[in-house]
Amino acid sequence: SDNISYYYKPTADLSLGQYSLKLKGEDENANASAETTIKFTVKEKSKTTIAMDAGWNLISLPFQPSNPAINSVIPETHPADLVMAYDNANQVWLVSRRSASTGLFEGDVAVMTSTTAYFVRSSNFSPLSLLRPPLATSAAAPPPPPAIDVVVGWNLVPVVSNSVPLPTEVASDTYFGTLGTNWLKAMTYNPLTRTWQSVTRGVVAY
């Protein structure tokens, strides 16, 4: 009746499986509630997949990975062998290649984050699979919304979203809304036809 909320945190991560949590409350006057049992199941967290085609793919990470190292985002077993990013401020390309001797990526692109878009070359249609990091309940402050720096001229930008599940498309006027009327045109790359497609004020494919 005092509207106090309680938070219970296990001392260790729960293993996969089924659990029963029994609850019973009692106040200072020894007024006790009936015992309540809550059953729940801890399942393996599903991964987010990014579709890939054979050849060049223009992709972005929908969220910040827990380990942004390029060789963690793209594992050694994945057929991708070349990654390129564009430095908007300096207008230069950054390139990393998979080493023939180590099987790991080496070069300018050391990390892959959600604030950058990437060209990734693959030899087949194997998707990239990413695990969304858990929410930090003990963080000192909530995370800020994603922000992407752009400069005058062409910029290579990702498409990020706070929505869960991820949207299949987002209105371009909404996505580029903070630019007002300063954005003129956007383009997306189609890996199947290997062509650029114009995106004006309407919808940006996610």
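The values are calculated or read from the model by the stated rules, or taken from the named source; none is laboratory data. Please read these numbers as outputs of a predicted model, since none were measured by experiment. Because the Cβ atoms are built from the backbone with ideal geometry, glycine has one as well, and the counts that use them run over all protein chains shown. The area values use the complete protein model at the heavy-atom level, side chains included, leaving out ligands, DNA and RNA. Shrake-Rupley method; radii C 1.70, N 1.55, O 1.52, S 1.80 Å.
Brief remarks on what is shown
- Residues of segment 40-76 classified as among the small types (G, A, S) and more than 19 Å from T188 (Cβ to Cβ), total: 4
- Every condition in (1) in a strand (DSSP E or B); (2) modelled with pLDDT of 80 or more; (3) among the aliphatic types (A, V, I, L, M) is met by V204 except one, and the failing one is (2).
- Meets criteria (closer than 29 Å to S163 by Cβ and open to solvent by 40 Å² or more (accessible area, probe 1.4 Å)) for T41: yes
- If you go through segment 1-45 and keep only what is polar (S, T, N, Q), modelled with pLDDT under 85 and under 25 Å from P134 (Cβ atoms), you end up with S5, T11.
- Selection within segment 190-206: residues that are touching a residue at least 12 places away in the same chain (Cβ under 8 Å) and open to solvent by 40 Å² or more (accessible area, probe 1.4 Å). The member of this set that is nearest to S114 (Cα to Cα) is Y206.
- Pairs, first open to solvent by 40 Å² or more (accessible area, probe 1.4 Å) in segment 161-187, second modelled with pLDDT of 85 or more, C-beta under 6 Å, six or more apart: L166/P62; M187/W196; M187/S198
- All of (1) within 28 Å of P165 (Cβ to Cβ); (2) loosely packed, with under 12 Cβ neighbours inside 10 Å hold for T102 with one exception: (1).
- Extreme residue, farthest from N162 (Cα to Cα), among residues of segment 59-98 that are of a type in the set (S, T, Y) and open to solvent by 20 Å² or more (accessible area, probe 1.4 Å): T77
- Within segment 153-189, the set of residues being assigned to a loop (DSSP other than H, G, I, E, B), closer than 17 Å to T116 by Cα, at pLDDT 85 or above and out of contact with any Leu (no Cβ under 9 Å at 6 or more places or on another chain) comprises G153, W154, N155, V157, V159, F176.
- Candidates are the residues of segment 3-38 that are in a strand (DSSP E or B) and open to solvent by 100 Å² or more (accessible area, probe 1.4 Å); the one that is nearest to S114 (Cα to Cα) is Q18.
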